[in-house]
Amino acid sequence: MSILWFSLLVLIPLALIIIQAVDGGWTNFAETMRNPQTAAAIWLTVKQALLVTVVNTVAGTLIAWVLVRDSFPGKRALEVIIDIPFALPTIVAGLVLLATYGPQSPIGIDVANTEKSVFLALLFVTLPFVVRTVQPVLLELEPEVEEAAQSLGANRFQTWTKVVLPALVPAISAGATLSFARGISEYGSLVLLSGNLPFKSEVAAVRIFSYIENDNVAAAASIALVLLLVAVAAIVTLDIISRKVARRG
């Protein structure tokens, strides 16, 4: 039953995407990838997702550390706010971002219809991933372990690299993977803020939708297949890095 349920939700849909891309033929796939607008959309998506993942890896780990190790006024409120991107519909997130960072921004920052809008939208929707994967590990990591390392002569840097980091790397890797995968697949939060301008702020998901609207399902499936391969490559790479760092620790 578990395999059947997993197949219906994941394996069969993924297989159908591959079949639709293959049915279009290699010529259609190559033409789709050579299309300058499509190539620009894929590159923008992957680049911004990578940048957001790097930021989330650092900032998310620091936020998780503060939430676990420090006590301060408003901590409970911050815990709730961090999860808002999980619960908020993406189109609502786009509306919120447009109201805050659009042409009528109350804080004087207008990034609408620019490449920065893609980065900002992806940063908003992926914020919780690293925080929520690292936080439980930190809760299980007793401060006494760090104190023991320091009592044996380790300085703060050695304690962090030899004791804390190896324990956190698998969780950081998992959060980074989720952040990157969400980034390359995001659609709703970008529609209003980015403006979907070709060669400027159009992402791969919007390009897929455009092909479907034009009844070119094979081309849309081709882009989806490329994004799938990129996601799998990122998952494998981060898993290898995680294992090596944890083994060295």
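The values are calculated or read from the model by the stated rules, or taken from the named source; none is laboratory data. Keep in mind that what you see is a predicted model, and the values were worked out from it rather than measured. Ideal geometry is used to build each Cβ from the backbone, glycine not excepted, and the neighbour counts take in all protein chains shown.
Looking only at the stretch 154-193, count every residue that is touching a Phe, Trp or Tyr at 6+ places or on another chain (Cβ under 8 Å) and more than 14 Å from Thr53 (Cα to Cα) and tell me the total.
Residues flagged as touching a Phe, Trp or Tyr at 6+ places or on another chain (Cβ under 8 Å) and more than 14 Å from Thr53 (Cα to Cα) within the stretch 154-193 amount to 3.
Determine which member of the set Ile184, Ile208 is free of Cβ contacts under 8 Å to residues at least 24 places away in the same chain and within 23 Å of Val232 (Cβ to Cβ). Write out each step before concluding.
Working: Ile184 fails: free of Cβ contacts under 8 Å to residues at least 24 places away in the same chain.
Answer to the check: Ile208.
From the list Leu98, Leu62, which residue is in contact with a helix residue (DSSP H, G or I) (Cβ under 7 Å, 6 or more places away or on another chain), assigned to a helix (DSSP H, G or I) and either surrounded by 17 or more Cβ atoms within 10 Å (Cβ to Cβ) or at pLDDT 90 or above (or both)? Let's see the steps before the verdict.
Details: Leu62 fails: in contact with a helix residue (DSSP H, G or I) (Cβ under 7 Å, 6 or more places away or on another chain).
Within the list Leu98, Leu62, the selection yields Leu98.
Within the stretch 17-53, can you find the residues that are loosely packed, with under 15 Cβ neighbours inside 10 Å, over 24 Å from the mean Cα position of the chain (by Cα) and among the aliphatic types (A, V, I, L, M)?
Within the stretch 17-53, Ile19, Ala30 qualify.
Which pairs have Cβ atoms under 6 Å, sit 6 or more apart or on different chains, and link a residue in the stretch 227-243 that is among the β-branched types (Val, Ile, Thr) and at pLDDT below 85 to one that is assigned to a helix (DSSP H, G or I) and buried (at least 17 other Cβ atoms within 10 Å of the Cβ)?
Correct list of pairs: Ile235/Thr177.
Of everything in the stretch 20-63, what is β-branched (Val, Ile, Thr) and in contact (Cβ under 8 Å) with a residue 60 or more places away in the chain? Give them in sequence order. Full working, then the answer.
Step one: filter the stretch 20-63 for residues β-branched (Val, Ile, Thr), giving 22, 27, 32, 38, 42, 45-46, 52-55, 57-58, 61, 63.
Those that are β-branched (Val, Ile, Thr) and in contact (Cβ under 8 Å) with a residue 60 or more places away in the chain: Thr32, Thr38, Ile42, Thr45, Val46, Val52, Thr53, Val55, Thr57, Thr61, Ile63.
Of all the residues that make up the stretch 69-92, how many are under 25 Å from Glu140 (Cα atoms), surrounded by fewer than 16 Cβ atoms within 10 Å (Cβ to Cβ) and aliphatic (A, V, I, L, M)? Please lay out each step first, then the result.
Looking only at the stretch 69-92, we keep the residues that are under 25 Å from Glu140 (Cα atoms), and these are 69-84, 86.
Add one more test, that the residue is surrounded by fewer than 16 Cβ atoms within 10 Å (Cβ to Cβ), and what stays is 69-81, 83-84, 86.
Next, from what is left, pick out any that are aliphatic (A, V, I, L, M): 77-78, 80-81, 84.
Matching residues across the stretch 69-92 total 5.
Can you pull out every residue in the stretch 24-33 that is modelled with pLDDT under 75 and closer than 18 Å to Leu227 by Cβ? First the steps, then the outcome.
As a first pass, look at the stretch 24-33 and keep what is modelled with pLDDT under 75: 24-25.
Once the filter is applied, which keeps residues that are modelled with pLDDT under 75 and closer than 18 Å to Leu227 by Cβ, the stretch 24-33 yields only Gly24.
If you check Val80 against the conditions, is it free of Cβ contacts under 8 Å to residues at least 24 places away in the same chain, in a helix (DSSP H, G or I) and either more than 19 Å from Ala231 (Cα to Cα) or β-branched (Val, Ile, Thr) (or both)?
yes
Being surrounded by fewer than 22 Cβ atoms within 10 Å (Cβ to Cβ), of a type in the set (A, V, I, L, M, F, W, C) and in contact (Cβ under 8 Å) with a residue 40 or more places away in the chain is the filter here; which residues of the stretch 132-154 pass it?
Listed by number, the residues that qualify are Leu138, Leu139.
Residues that are of a type in the set (Gly, Ala, Ser) and under 26 Å from Glu115 (Cα atoms), at least 1 per element: which helices (runs of 4 or more DSSP H) completely within the stretch 132-249 meet that?
Values: elements: 143-151, 156-159, 165-185, 188-194, 204-213, 217-248.
In the stretch 132-249, the matching helices (runs of 4 or more DSSP H) lie at 165-185, 188-194, 204-213, 217-248.
Mind checking whether some residue in the stretch 103-116 is over 19 Å from the mean Cα position of the chain (by Cα), crowded, with 18+ Cβ neighbours inside 10 Å and touching a residue at least 24 places away in the same chain (Cβ under 8 Å)? Walk me through how you get there before you give the answer.
Of all residues in the stretch 103-116, those over 19 Å from the mean Cα position of the chain (by Cα) come to 103-114.
Add one more test, that the residue is crowded, with 18+ Cβ neighbours inside 10 Å, and what stays is 111-112.
From the residues that got through so far, the ones that are touching a residue at least 24 places away in the same chain (Cβ under 8 Å) too are 111-112.
Yes: the stretch 103-116 contains one or more residues that are over 19 Å from the mean Cα position of the chain (by Cα), crowded, with 18+ Cβ neighbours inside 10 Å and touching a residue at least 24 places away in the same chain (Cβ under 8 Å).
Residue by residue, here is whether (1) among the small types (Gly, Ala, Ser); (2) farther than 18 Å from Ser185 by Cα holds:
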| position | (1), (2) |
| --- | --- |
| Leu51 | no, no |
| Ile63 | no, yes |
| Arg69 | no, yes |
| Ser117 | yes, no |
| Phe124 | no, no |
| Glu142 | no, yes |
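Which members of the stretch 155-203 meet the condition of being under 14 Å from the mean Cα position of the chain (by Cα), of a type in the set (S, T, N, Q) and crowded, with 20+ Cβ neighbours inside 10 Å?
Ser173, Thr177, Ser179, Ser189
Which residues, counting only those in the stretch 1-12, are surrounded by 11 or more Cβ atoms within 10 Å (Cβ to Cβ) and not hydrophobic (A, V, I, L, M, F, W, C)?
Ser7, the sole residue that qualifies.
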